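The values are calculated or read from the model by the stated rules, or taken from the named source; none is laboratory data. Predicted, not measured: the structure shown is a model, and the values here were computed from it. Methodologically, a virtual Cβ is constructed for each residue, glycine included, from the backbone with ideal geometry; neighbour enumeration extends over all protein chains shown. Just the protein is used for accessible areas: all its heavy atoms, side chains included, with ligands, DNA and RNA removed. Shrake-Rupley method; radii C 1.70, N 1.55, O 1.52, S 1.80 Å.
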Amino acid sequence: MEEPKWLEGLLRTKFFNICPRHRETPRNECNMFCLSCQNAPFCIYCRSSLHIDHPILQIRRSSYHDVVRLSEIEKVMDIREVQTYVINNARVLFINERPQPKNSSHGATSSTTKTISYFCETCCRTLLDPFRFCSLGCKKCQVEGMRKNKEDEEERLRKERQQETHKGTHPPTHASNSRRRKGIPHRAPFAS
């Protein structure tokens with residue numbers, strides 16, 4: 001599935017700064033992102049005046065990391081391969097990759113005390129469930145890498161086909177064995 005055009009902007013955006021237009025009002029942190037405008041983040045007051053009919057994602061915080069509710073993001077993007085978490089009774093997913101904890105356990109333990117390990121395919125972060133990615137950012141990186149590999153493979157195949165097509169149409173690039181010089185060429189002596 002093609003990634004949405006607004007995803008790059010969402011991943012680069014720094015949220016939770018104070019809104020410059022509404023400095024003196026309560027709840028003035030910029031925690032909204034407009035999928036239509038794809039500009040800077042904005043606060044709830046800007047939403048009601050500037051983005052009233054636009055599709056919006058509200059960004060939340062969990063342990064100093066930006067998250068988005070599953071119920072909002074799944075309407076606008078395929079997130080099936082991204083690990084979700086329940087935070088404050090809401091299912092969320094992380095927007096960007098998070099640093100690995102220093103003493104992280106590698107894998108979850110099942111009831112038979114057998115260790116089962118799931119890791120993010122991009123950053124190798126330990127996952128709780130059998131998902132492929134820990135965040136939207138890691139999924140995007142993997143998709144970009146797969147797209148680049150696909151483009152490289154298509155270019156290689158195109159060149160191979162082109163070479164095969166022209167194989168029989170060009171004369172050999174080297175002279176036949178009967179005309180090839182033998183040995184090291186010697187210079188003629190200088191005439192005085």
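Would you pull out the residues with amide H under 5 Å of residue 87's amide H, same chain only if 5 or more places away, H placed 1.01 Å from N?
The answer is 92.
To the nearest 0.05, how large is the calculated FRET efficiency for residue 58 and residue 152 if R₀ is 35 Å and r is the Cβ-Cβ distance?
Values: r = 38 Å, r/R0 = 1.10.
So, using R0 = 35 Å, E works out to roughly 0.35.
For the range 14-76, rounded, prolate or oblate, judged on the Cα gyration tensor with a ≥ b ≥ c (square roots of eigenvalues), a/c < 1.5 rounded, else prolate if a/b > b/c?
On the way: a/c = 2.10, a/b = 1.17, b/c = 1.79.
Here the range 14-76 falls in the oblate category.
Got a number for carbon plus sulfur as a percent of the range 33-101's accessible area, 1.4 Å probe?
On the way: 1780 of 3850 Å².
Ligands and nucleic acids excluded, carbon and sulfur reach 46 percent.
Multiplying the sequence separation of residue 45 and residue 78 by 0.36 nm and subtracting their Cα-Cα distance, what value in nm do you get?
9.0 nm
Using θ = phi - 60° and the Karplus form 6.51 cos²θ - 1.76 cosθ + 1.60, what ³J(HN,Hα) does each residue of the range 57-73 get, whole Hz, x for Gly and Pro?
With the stated coefficients, the range 57-73 comes to 10, 9, 8, 10, 10, 9, 6, 6, 10, 7, 10, 9, 5, 4, 4, 8, 6 Hz.
Residue 49 accessible area, nearest 10 Å², 1.4 Å probe?
80 Å²
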